[in-house]
Amino acid sequence: MPPGIPYIVGNEAAERFSFYGMKAILSVFLTQHLLDSHGQHDVLTETEAKVWIHSFNFWTYILPAIGALLADWLWGKYRTILSLSVIYCLGHAALAINETREGITIGLALIAIGAGGIKPCVSAHVGDQFGNLNRHLLPKVFSWFYFSINIGAATSMMLTPYILNETAAEYGGALAFGIPGILMAIATVLFWVGRNTFVHIPARGKHFWKETFNESSLRSIGALIPVYFLVSFFWSLFDQTNTSWVFQAQAMDTVFFPESDLEFTVLPAQMQSANPILVMVLIPLFSLFIYPAINRYFPLTPLRKLSIGFFVATASFVIVSLLQESLDAEITTHIAWQILAYLLITAAEVMISITCLEFAYTQAPPSAKSLVMSMYLATVAVGNLFTVIVNKLIQNEDGTNKLEGAAYYWFFTAVMAIASILFVFVAKSYRGRTYGAIAESEALED
């Protein structure tokens, strides 16, 4: 095992704890605890909070293109990750210190630059640690890498909302935002400590542009654009688990096993932890049982997995739409019903996100893999931009919305249903080229 791997995996677990912990409490903080410069409450409406959070998501996932550019062209991966991690830490500090709109804006901007910039570099840095003799260990290491991401995310999504709930009255968001910041500082130090154990791949300098933007690269990008454009609508729905699903949960019954020795309450923001927990369960379940079972009757290509994932994502929003209809009718609805929606949206994530990562890698020539990976991450940005535009357009001057209650969720259900149908035709017409491991090695040797 390469000696630098424990540092990278530990760094990733701490960084993901910091990112998802901060993100898990944003909806609640912006709508309940935000202050003005005089220390008075200056909270956002739910629609305004959606615009803020999805705008943050947009920048976090559009900036990986800049990070990939810095890493491949000028700085190399190690220097890019370390430099932008410092900016990342400053963003967390701003959130913990300044609880006004200005402080939150500065903090989120710095975190978007840091998190977005390092995003395309970290997984590639893992691959850089392996040569021909130990490359067979790469799948095992990537499994631990992905596991560390979800352990960090699940832990922080359970813990940080609890910290905010217990400490906000006395400390505001200082502790709830400060603890993820401390984890990010630990992640940065851990990465720096491992610097002498890493394999460092130098930047390509002036050769970057010619190698990346060649005819085969542009042809791959052109073929992938229709696929990735429709994938962006999945992310428009998925990332609302951090916003509209949390706001829905606030109107639900959150007490489990009432009037018994087992009684406990789940905070609305803690429900987000269902996603990373389910990811860790569903990935082996799909790999070992579901995909092989489907393959017996219906050969599963990557595009077919994506297509099924689209319809499953649509079904998840059908459920939250029906739940909202129940709430609109003032029927007491338990938060446990959201678990079914989380199960479906997470199953869709497994079929779409992981398959897209594989697809991005196999459909890109060696010289353009960072570019195509950044292009895939940009689908998350485009999806969140769509959510921002919708929430901007539905706001009325009096603070009400044109899409109130269940109508909001049914709108996104319809959008995803249309995207699912269109994707079937896009998949049938897709003509790309698969670049396998042998072709890659030959291309790199040339």
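The values are calculated or read from the model by the stated rules, or taken from the named source; none is laboratory data. Predicted, not measured: the structure shown is a model, and the values here were computed from it. Here the Cβ is made from the backbone with ideal geometry for all residues, glycine too, and neighbour counts use every protein chain on show.
Some notes on this structure:
To keep it simple, each residue is scored yes or no on (1) assigned by TED's automatic domain parsing to the domain that holds Pro2; (2) closer than 20 Å to Ile81 by Cα; (3) touching a residue at least 40 places away in the same chain (Cβ under 8 Å); (4) aliphatic (A, V, I, L, M).
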residue: Gly103; (1), (2), (3), (4): yes, no, no, no
residue: Val126; (1), (2), (3), (4): yes, yes, yes, yes
residue: Leu137; (1), (2), (3), (4): yes, no, yes, yes
residue: Lys140; (1), (2), (3), (4): yes, no, no, no
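- Residue check, Ile308 surrounded by 15 or more Cβ atoms within 10 Å (Cβ to Cβ), free of Cβ contacts under 8 Å to residues at least 60 places away in the same chain and out of contact with any Phe, Trp or Tyr (no Cβ under 9 Å at 6 or more places or on another chain): yes
- Per-region count, the range 321-339, residues within 20 Å of the chain's Cα centre (by Cα) and buried (at least 18 other Cβ atoms within 10 Å of the Cβ): 1
- Considering the range 1-111, the qualifying helices (runs of 4 or more DSSP H), each wholly inside and each with 3 or more residues that are surrounded by fewer than 20 Cβ atoms within 10 Å (Cβ to Cβ) and either at pLDDT 95 or above or basic (Lys, Arg) (or both), run over 46-62, 77-97.
- Only residues that are more than 23 Å from the chain's Cα centre (by Cα) and in a helix (DSSP H, G or I) were counted in the range 155-185, giving 9.
- Residues that are in contact with a Gly (Cβ under 9 Å, 6 or more places away or on another chain) and in a helix (DSSP H, G or I) within the range 360-369 comprise just one, Thr362.
- Given (1) modelled with pLDDT of 95 or more; (2) hydroxyl-bearing (Ser, Thr, Tyr); (3) buried (at least 16 other Cβ atoms within 10 Å of the Cβ), number of the condition Tyr376 does not satisfy: (1)
- Some residue of the range 248-257 being crowded, with 21+ Cβ neighbours inside 10 Å and assigned to a loop (DSSP other than H, G, I, E, B): no
- From Leu385, Leu371, Leu343, residue being under 22 Å from Ala274 (Cα atoms), touching a residue at least 60 places away in the same chain (Cβ under 8 Å) and either surrounded by fewer than 20 Cβ atoms within 10 Å (Cβ to Cβ) or not assigned by TED's automatic domain parsing to the domain that holds Val122 (or both): Leu343
- Looking only at residues in the range 388-410 that are surrounded by fewer than 17 Cβ atoms within 10 Å (Cβ to Cβ) and assigned to a helix (DSSP H, G or I), the one that is nearest to the chain's Cα centre (by Cα) is Ile389.
- Criterion: over 26 Å from Leu190 (Cα atoms), in contact with a strand residue (DSSP E or B) (Cβ under 8 Å, 6 or more places away or on another chain) and small (Gly, Ala, Ser) - qualifying residue of Ser37, Ser55, Ser27: Ser37
- Meets criteria (in the same structural domain as Glu46 (by TED's automatic domain parsing), surrounded by fewer than 18 Cβ atoms within 10 Å (Cβ to Cβ) and touching a residue at least 24 places away in the same chain (Cβ under 8 Å)) for Val189: no
- In the set (1) under 20 Å from the mean Cα position of the chain (by Cα); (2) closer than 30 Å to Glu211 by Cβ, the condition left unmet by Pro365 is number (1).
- Looking only at the range 192-223, and only at residues there that are touching a Phe, Trp or Tyr at 6+ places or on another chain (Cβ under 8 Å), in a helix (DSSP H, G or I) and among the aliphatic types (A, V, I, L, M), the one that is surrounded by the most Cβ atoms within 10 Å (Cβ to Cβ): Ala223
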